[in-house]
Amino acid sequence: MYIMVINCGSSSLKFQLISFPEEKAVAKGLIERIGQDSGAQFTLTAGDKGFKKQPVDASNHTKAVTAALNALTSGECAVLESKNEIKGFGHRVVHGGEKFCAPVIIDDEVIKGIEECNELAPLHNPANLIGIEACMKALPGVPNVAVFDTAFHQTMPPKAFHYALPYELYEKDHIRRYGFHGTSHKYVTKTFAELINKPLDEVNVVTVHLGNGSSLACVKDGKCVDTSMGLTPLAGVIMGTRCGDIDPALVVYIMKKKGMSPDEVDTLMNKKSGLLGFSGVGSDMRDIEAAAKENNERAALVLEMWAYSIAKYINAYVGTLPKIDAVIFTAGIGENSPGLRKIICENCAGMGIELGGNNDNVRGETGCVSADNSRIPVYVIPTNEELQIAQGTSALLKQ
Ligand code: AMP
């Protein structure tokens, strides 16, 4: 059987078709510029076949899903004999609030629940709902499952998820730490448990997801007990374009000093800060590393700031766990850059982490990267959020 994983944006539809029981991605696609006057574009890879940015009739998301299904069942990239082989859609949904702590089969009530979380993720949840509706229309009768980015973090205890603000802001407005990238943190935790052959509920790790957006999770007995992102993905470590943790009074200070509106300061902190804003070079870590090597001082300094901001979380989380099995790096930077992992770990000196041996050079694959005498083992585990969503969907459909 096949599960189609959907990650829907306001004008884009990313999908993967995953076969079971092999758990293999047989096709990956992206339809961009949905509904735009310039016309939509379709990129598809299916085995060794594929095409890039082909014009496609996708004036709305339902047409985009139909175009994706047609491409998977006919033409030179076809991998299915019939759409009936798709037994379920698994949707990435960004915010599940306090309502959803696990994947759910989508019905009217679930849709209402997701809508209620719209104000917590106004850019993402409405787009995710459009994708759900489009799949329901394009393939009626096939079940849709929602998998939430926030769900893995719902096990955080109150002492970790509350902000010390007036309590009614939590009670009435649901203001608290939620955390994101939960699907990734869950995937690498589970994969690590399988790797070292330990029951998931006995695993204690700190998972370090370092991509364009970055976050850490503190996992005790297989459950998340803290995470670095907050009500929104702006909190935590320094990221590509986000500032991460700052003095909260800075928001008002900058607004007053610069005469900025709430939206302007929001854009400043989410899109014009982080590696990009401080270095002036760009948001892509490879560009920052290259500039630092060419003696660009601000690029070199933001790299140090970036590594230090991550190390502080690792130190804090390891310090709160009674015992620890590993620190696990994942996502674009975490998986691919031994040099940056090293700088981060150098900032964790008190923990007795020793990278190295023959293992240190792991890129894009699973492996232990710490030396044999390291007090805490360090691993790299490539994340696979789509597979985690497909597994969550398949497990629910079997029940
Ligand atoms: P992601 O959001 O997980 O796709 O990760 C994107 C980030 O990973 C970007 O900042 C890339 O520059 C970074 N990245 C990918 N490959 C490498 C690499 N070999 N070295 C350093 N950073 C990398």
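Below, the figures for the structure above:
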{"quantity": "Residue pairs meeting the criteria (Cβ under 6 Å; at least 6 apart or on separate chains; first in contact (Cβ under 8 Å) with a residue 24 or more places away in the chain and in a loop (DSSP other than H, G, I, E, B), in segment 1-29; second surrounded by fewer than 19 Cβ atoms within 10 Å (Cβ to Cβ) and aliphatic (A, V, I, L, M))", "calculated": "Phe20/Met1"}
{"quantity": "Residues of segment 34-68 satisfying the condition of being part of a loop (DSSP other than H, G, I, E, B) and surrounded by fewer than 18 Cβ atoms within 10 Å (Cβ to Cβ)", "calculated": "Gly35, Gln36, Asp37, Ser38, Gly39, Gly47, Asp48, Asp57, Ser59, Asn60"}
{"quantity": "Residue check for Ala193: farther than 21 Å from Glu385 by Cα, outside any loop (DSSP other than H, G, I, E, B) and of a type outside the set (Phe, Trp, Tyr)", "calculated": "no"}
{"quantity": "Residue in segment 343-359 that is in contact (Cβ under 8 Å) with a residue 24 or more places away in the chain and touching a Gly at 6+ places or on another chain (Cβ under 8 Å) present", "calculated": "no"}
{"quantity": "The one condition in (1) within 16 Å of the ligand (Cβ to nearest atom); (2) touching a His at 6+ places or on another chain (Cβ under 9 Å); (3) not in a helix (DSSP H, G or I) that Arg177 fails to fulfil", "calculated": "(1)"}
{"quantity": "Number of the exception - Gly364 against (1) in a helix (DSSP H, G or I); (2) within 12 Å of the ligand (Cβ to nearest atom)", "calculated": "(1)"}
{"quantity": "Considering residues of segment 276-298 that are in a helix (DSSP H, G or I), within 8 Å of the ligand (Cβ to nearest atom) and in contact (Cβ under 8 Å) with a residue 24 or more places away in the chain only, the residue farthest from the chain's Cα centre (by Cα)", "calculated": "Glu289"}
{"quantity": "Residue match in segment 323-332 (condition: away from the ligand (no atom under 16 Å from the Cβ), in a helix (DSSP H, G or I) and either small (Gly, Ala, Ser) or touching a residue at least 12 places away in the same chain (Cβ under 8 Å) (or both))", "calculated": "no"}
{"quantity": "Some residue of segment 341-353 being within 16 Å of the ligand (Cβ to nearest atom), part of a loop (DSSP other than H, G, I, E, B) and within 21 Å of the chain's Cα centre (by Cα)", "calculated": "no"}
{"quantity": "Residues (touching a residue at least 24 places away in the same chain (Cβ under 8 Å), more than 16 Å from Val206 (Cα to Cα) and touching an Asp or Glu at 6+ places or on another chain (Cβ under 7 Å)) located in segment 364-389", "calculated": "Gly364, Leu387"}
{"quantity": "Filter result (hydroxyl-bearing (Ser, Thr, Tyr) and without any contact (Cβ under 8 Å) to a residue 60 or more places away in the chain) within segment 299-322", "calculated": "Tyr308"}
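None of the figures in this text is laboratory data; all of them are computed from the coordinates on show. Because the structure is a prediction, the values reported are computed rather than measured. Neighbour counts run over all protein chains shown; Cβ positions are idealised from the backbone, glycine included.
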